[in-house]
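The values are calculated or read from the model by the stated rules, or taken from the named source; none is laboratory data. In this text, all values refer to a predicted model and were calculated from it rather than measured experimentally. FYI the Cβ positions are ideal-geometry reconstructions off the backbone, even for glycines, and counts take in every protein chain you see.
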Amino acid sequence: MTTYPSLCMIINGERIAGGGRRTHTVMNPATGEPIGELPLADPADLDRALEIAQEGFRIWRNAPAAQRAAVLQGAARLLLERQEDIARIATMEQGKPLAETRIEVMMNVGLFNFYAGECQRLYGRALVRPTGTRSTVMHEPVGVVAAFAPWNFPIGNPGRKFGAPIAAGCSVILKSAEETPASALAVLQCLLDAGLPSQVAQAVFGVPDEVSRHLLASPITRKLSFTGSTVVGKHLARLATQNMLRTTMELGGHGPVLVFDDADVTRVLDTMVPHKFRNAGQVCVSSTRFLVQERLFDAFSAGFAERAAAIRVGDGLAEGTQMGPMANPRRPEAMERLIGDATKQGARLLAGGERLGNQGYFYAPTVLADVPISSAIMNEEPFGPVAIINRFADEDEAVTEANRLPYGLAAYAWTADNKRQQRLAREIEAGMVGINTAMIAGADAPFGGVKWSGNGSEDGLEGVLACMITKAIHEG
Ligand code: NAD
């Protein structure tokens, strides 16, 4: 039986807690009950983490690629061995069903193994030059990375934030979300137990604005890696400019899903309804605006509502739960505001639209149809279990609506027409486009957005290169 662990920060491999530090109470979102007390960093802790990370960079930039690969592979093996414990801890602090936290562990296993290979293939190139002279282009690790991960993928986000810098030869200080600290600590512990030098990766927690200001103001930090909302991302990007830091920013989205008349409705529903309600909709690449061509609209919206209403909502630890609670009390409050505003403006409520139970942060899988463009939910990322289903007449109208918002993270389209598939892939403004599939991520594929959804990529070769600088060396 897994019990929720005692919480700490990890600096130079030491577990740090107590000492009169402020704390944050971690809650179980299924019950609303406290499950742990997390120590928060004071400025001295952050200075120590920076100093250690600087040392870690000196060690790790010179480590042979084979050593980096061995650590990543070893951590992948340990994650697999510890999968059930880590998944349970993540469900306790974040709420999503165990089936999903188990998959998150596997995402990290896949990513660490992929990076283990990729970090041994980071070649430079030789330029064409006259005999006797030489010009080469090298990739070098950028330096100390300050990384900030949110609570929605408590295992997967820390995996990305640690994995790429470690593969590249950087050191990293991670501030994962204070709501879900134990999962991040478990991922770091796998890396340390696999032989990562203790100076290379640190985990701190704190008051987010204090930590980010402190780390980004330090001349030791060379890169900012952030996943979270666009509002906070813009704020951190401004702070990062002061020291001209490299940035990777994974921000919000408002995923359009274009469903054309020639699509197979059952297949779309079988794929996209579970996709919509995965992690109670708290996913940056979630499907949000379903844009359905007139002829399919009635069958699609009726089928969607029926399936949404049948989803089993409950404690993520319980057998058979398909959707857990939302991760924190802010989310059901946001749902009430956004769904209330939409129905007031004339949207039709086809399913859900209410909180569930009298404990925890549960909200019913919700379906809205014919939602006016002026409503807040058509413009703000809902980040919750709500699907919007609106209609369109032709391809131009659908693409215009898909591109209307300043977000451009993930987009999806369903159509049997091959030429249209190609046009949509080109015309839709997004970092990731799924055509007749919801699978838009994988260890080997760059993951990131355009416009207000951010810049840079995680995963894939691009994820490692984002932690590297290029240097041109000319020898006369
Ligand atoms: P939030 O914007 O306050 O926090 C999001 C994350 O950013 C949290 O992990 C938080 O600890 C961190 N954060 C906040 N202020 C920070 C600061 N000054 N410095 C460093 N980190 C900071 O929002 P929230 O209420 O936790 O989540 C709601 C919104 O966040 C959602 O509507 C969604 O748009 C966005 N979000 C996006 C992702 C994603 O994967 N892109 C994940 C979680 C949340």
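Listing for the model above:
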read-out	value
Test: residue in the range 392-401 that is under 23 Å from the mean Cα position of the chain (by Cα) and of a type in the set (A, V, I, L, M)	no
Filtered residues of the range 93-135 (kept if surrounded by fewer than 14 Cβ atoms within 10 Å (Cβ to Cβ) and of a type in the set (Ser, Thr, Tyr))	Tyr123, Thr131, Thr133
Verdict on Arg61 being touching a strand residue (DSSP E or B) at 6+ places or on another chain (Cβ under 7 Å) and not polar (S, T, N, Q)	yes
Residues satisfying the stated conditions in the range 363-399, i.e. under 25 Å from Val313 (Cα atoms), of a type in the set (Gly, Ala, Ser) and either out of contact with any strand residue (DSSP E or B) (no Cβ under 7 Å at 6 or more places or on another chain) or in a loop (DSSP other than H, G, I, E, B) (or both)	Ala364, Gly384
Residue match in the range 185-192 (condition: at pLDDT 95 or above, in the same structural domain as Val71 (by TED's automatic domain parsing), over 19 Å from the mean Cα position of the chain (by Cα) and farther than 13 Å from Gly159 by Cβ)	yes
Residue list for the range 218-241, filter: more than 9 Å from the ligand (Cβ to nearest atom), outside any strand (DSSP E or B) and in contact with a helix residue (DSSP H, G or I) (Cβ under 7 Å, 6 or more places away or on another chain)	Ser218, Ile220, Ala240
Residue within the range 281-288 that is within 16 Å of the ligand (Cβ to nearest atom), touching a His at 6+ places or on another chain (Cβ under 6 Å), at pLDDT 95 or above and β-branched (Val, Ile, Thr) present	yes
Answer residue from the range 310-332, given it is more than 16 Å from the ligand (Cβ to nearest atom) and not in a loop (DSSP other than H, G, I, E, B) and is farthest from Ile103 (Cα to Cα) among those	Val313
Residue count for the range 1-60, restricted to those that are among the small types (Gly, Ala, Ser) and assigned to a loop (DSSP other than H, G, I, E, B)	9
Every residue from the range 71-92 that is surrounded by fewer than 24 Cβ atoms within 10 Å (Cβ to Cβ) and under 27 Å from Gly360 (Cβ atoms)	Arg82, Gln83, Glu84, Asp85, Arg88
From the options His235, His214, residue that is surrounded by 21 or more Cβ atoms within 10 Å (Cβ to Cβ) and farther than 30 Å from Met106 by Cα	His214
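Yes or no, residue by residue, for (1) under 28 Å from Gly360 (Cβ atoms); (2) crowded, with 18+ Cβ neighbours inside 10 Å:
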site: Ser6; (1), (2): yes, no
site: Ile16; (1), (2): no, yes
site: Thr25; (1), (2): yes, no
site: Asn28; (1), (2): yes, yes
site: Pro34; (1), (2): yes, no
site: Pro39; (1), (2): yes, yes
site: Asp42; (1), (2): no, no
site: Asp45; (1), (2): no, yes
